1. Name the single residue that is surrounded by the fewest Cβ atoms within 10 Å (Cβ to Cβ) among those in segment 81-98 being out of contact with any helix residue (DSSP H, G or I) (no Cβ under 9 Å at 6 or more places or on another chain) and of a type in the set (Gly, Ala, Ser).
2. Does ALA19 qualify as being assigned to a loop (DSSP other than H, G, I, E, B) and crowded, with 16+ Cβ neighbours inside 10 Å?
3. For the subset of segment 111-128 comprising residues that are open to solvent by 40 Å² or more (accessible area, probe 1.4 Å) and under 20 Å from ALA71 (Cα atoms), which member is modelled with the highest pLDDT?
4. Failed condition for TYR108, given (1) among the hydroxyl-bearing types (Ser, Thr, Tyr); (2) open to solvent by 50 Å² or more (accessible area, probe 1.4 Å); (3) farther than 24 Å from SER135 by Cβ, with all others met?
5. So VAL101 clears everything in (1) open to solvent by less than 50 Å² (accessible area, probe 1.4 Å); (2) assigned to a helix (DSSP H, G or I) except one condition, right? Which one?
6. So, of the residues in segment 23-35 that are open to solvent by 50 Å² or more (accessible area, probe 1.4 Å) and touching a residue at least 24 places away in the same chain (Cβ under 8 Å), which turns out to be nearest to ILE88 (Cα to Cα)?
7. Please tell me if ALA9 is under 20 Å from ILE139 (Cα atoms), open to solvent by 30 Å² or more (accessible area, probe 1.4 Å), in contact (Cβ under 8 Å) with a residue 40 or more places away in the chain and among the small types (Gly, Ala, Ser).
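The values are calculated or read from the model by the stated rules, or taken from the named source; none is laboratory data. Only a predicted model underlies this, so the values are computations on that prediction, with no experimental measurement involved. Because the Cβ atoms are built from the backbone with ideal geometry, glycine has one as well, and the counts that use them run over all protein chains shown. Just so you know, the surface numbers come from the protein's heavy atoms only, side chains and all, with ligands and any DNA or RNA stripped out. Shrake-Rupley method; radii C 1.70, N 1.55, O 1.52, S 1.80 Å.
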Amino acid sequence: MAQNDKDYAVVIGIKDYPAFDDDNPLTGPENDARAFHEWLISPDGGDVPAANVELITSGKFSPPFASAKVARPIVNEIQSAFENLQDIAADNEEKGNGYRVGRRLYIYMSGHGFAPTFEETGLLMANATPERVGSTYHILGKYT
């Protein structure tokens with residue numbers, strides 16, 4: 001199988017939520033994100049070049065944060081990964097290849113989630129609190 005150099009991925013695993021899990025951080029989200037990342041870059045899996053995969057996990061930052069005010073990752077760090085993909089699409093458009101990133105885009109998000117409506121789902125960022133779940137504290141998706 002040839003490496004899928006036109007495939008890209010954003011993989012997110014948030015396990016540390018100081019405002020929700022002070023004494024019992026999640027273990028699954030980061031482990032699952034790392035396992036999916038390993039499958040993506042494996043020649044026997046997705047065979048996506050490691051340079052084309054953005055892995056964002058709680059462990060990428062300092063040890064668990066004491067308060068939600070400083071906890072990471074946060075929305076702008078996740079948005080930055082998607083903005084990088086937009087830049088690739090814009091470059092492709094300039095080259096006459098259409099406004100597209102590549103052949104396939106994998107998106108994996110794991111952590112505390114919520115569903116504001118039946119058609120929507122979201123991933124809370126590490127700095128969310130029971131009182132702070134607005135647009136600066138989550139990434140929203142939509143079923144289509």
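1. The selected residue is GLY96.
2. Here the answer is yes, as ALA19 does meet what is asked.
3. Residue satisfying both the conditions and the ranking: HIS112.
4. It fails just one condition, (3).
5. (2)
6. Only one residue fits best here, namely ASP32.
7. No; evaluated as a whole, the condition is false for this residue.
Let's see how each residue does on (1) surrounded by 15 or more Cβ atoms within 10 Å (Cβ to Cβ); (2) in contact (Cβ under 8 Å) with a residue 60 or more places away in the chain; (3) part of a loop (DSSP other than H, G, I, E, B):
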residue	(1), (2), (3)
GLU38	no, no, no
PRO43	no, no, yes
VAL48	yes, no, yes
ALA51	no, no, no
LEU55	yes, no, no
PRO64	yes, no, yes
SER67	no, no, yes
ALA71	yes, no, yes
ASN76	no, no, no
